[in-house]
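Down below is the structure, laid out as structure tokens.
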Amino acid sequence: MLDYEKIGLFLSNERKKEKLTQKQLAGKLNITFQAVSRWEKGISVPSLDVLDDLSRIFNVSIDEILKGERFNMRFSYEKAGVDVKKVDIINKKAKDFVEMDEYNPSFRGGIYDLKKYLTFEHPIIVSRVLEPGSKQRIAIEYGYIEELIQDIFFTLINDILATGANPLFITNTIISSHENIDLINKIVALSYAEAKKYDIKILKGQYSIKPKVVYPDEYLIDTEMIGIADYKKMINYKNITNGDSILYIESNGIHHHGFSLVDKLLEEFPEIKKESIGGIEFMDEIMKPPYCYYSCLKELIEKEKIHGLVNVAGFGMARSVERIIPNGFSAQVDLNKIKIPTIFKCLRKYLNVDDLEMLNTFNCGIGYIVIVSSLDENMVLKHINKYYTCNKIGCIKKGTKKIKFNNSLKW
């Protein structure tokens, strides 16, 4: 016979150990908090389907719940919330998409054969890590998984490209609080599909369950991309000089960065989700992956026609551009020539900030900065415009201020 009061006390203690209120526990179980209260008062007990969820949340067996006590304190991964067998199954399936190491299959890292690059006179390895951020969390919460994977790949490719390097391979790690085989399989399959498009190998992928490291229902995707370049073909920013032309390739929206503010807007002004941006729903618009600029720039890099490249990412254009301007020169930028996408006009209205704050936070329509000799300007513009809209935005002059904005943004 079940001891309702003992079960109720046990459930109450386990809930408090997990630092959950009755309302929070009820939310996880999709029931009312009054139901939780009745259990803990010993008036009723959970139904069978709810017992299964409770055992997962509290890391106890159903028998232990119905007995109102833990049977023993033996330690195991399962008791810690990690089903090792399930993790092995997921990682084994992920290996179908990964470049396997034929030298030592027990090695948990990755090995890449660089033989084809031995013709490089001076090979240089380039690395870029994309850590979890606000856009990743929002994408998973709202179900934009395909867009998220494209965002990760395109952002990394665009960053690697700014050095003049070719992307070689990626390694990624996915960490979650509990297993979700369907979601992980989807992430892995989409990653493989994007990698294949750009001849990028997935050198190593690892999935780990860390219930005490990440919040419930949270997923962290950490991705590193490695590229390679011949030193003589790398972008040498010392070539930037007086009279060079500054071109910009359009962005198609927010791209990867600036989502901490967007996240705050979604929290403070949930009605913003009802906004229509050029006939596109707000969430669909902000979750669009960035353009991938590889195809339109790679040939120009090979021909050594570029003096400077900037993927306009975190903290806007000014901070990104001034880092590559040599001492004694100034990037003169005409803000009046920027075509601002509608999404930024919407964000500005809700944020109620000035132009400088917008430029320091978002790309405001500038996806990539390309600095070239004025002699090559027309040829470069013609080439890039085959892929994306590209226009001149300014020029390099002698000066002490590394970037100077002229005129105003046209909202």
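A few remarks follow.
- Choice from 49, 244, 182 with maximal GNM fluctuation in the chain (Cα, 10 Å cutoff): 49
- Of all lysines in the structure, those lying under 23 Å Cα to Cα from residue 201, and not within fewer than 8 positions of it along the same chain, are 92, 93, 95, 115, 116, 186, 233, 298.
- Overall shape of the stretch 216-360 was characterised from the C-alpha gyration tensor. The equivalent ellipsoid obtained from it has semi-axes of 32, 20, 14 Å, in decreasing order.
- Fewest-first ranking of 387, 215, using other Cβ atoms within 10 Å as the exposure measure: 215, 387
- Over the chain, equivalent-ellipsoid semi-axes from the Cα gyration tensor in Å: 50, 28, 15
- With Cα atoms, 0 to 90° folded angle of helix 181-197 axis to the chain main axis: 20 degrees
- Residue (of 10, 306, 228) at the positive-pole extreme of the chain, dipole from beta-carbon charges: 306
- Share antiparallel - DSSP beta bridges, the chain, percent rounded to 5: 75 percent
- Lys, Arg +1 and Asp, Glu -1 on Cβ, resulting dipole of the chain about Cα centre, debye, nearest 20: 1000 debye
- Charge tally in the Cβ shell below 10 Å around residue 8, where Lys, Arg are +1 and Asp, Glu are -1, residue 8 excluded: 0
- The stretch 275-411 shape via C-alpha gyration tensor axes, a/c threshold 1.5: oblate
- Charges were assigned to the Cβ only: +1 to each Lys and Arg, -1 to each Asp and Glu. The resulting dipole of the stretch 117-265 about its Cα centre is roughly 360 debye.
- GNM flexibility winner over the chain from 374, 55, 176 (Cα, springs under 10 Å): 55
- Shape of the stretch 100-207, Cα gyration tensor, a/c cut at 1.5: oblate
- Distance histogram for the stretch 1-48 (every C-alpha pair counted, 10 angstrom bins, percent rounded to whole numbers): 29, 59, 11
Since every read-out is calculated from the coordinates, none of them should be taken as a lab result. Here the structure is a predicted model, which is why all the values come from computation and not from measurement. Positions of Cβ are backbone-derived with ideal geometry, glycine not excepted, and every protein chain shown enters the neighbour counts.
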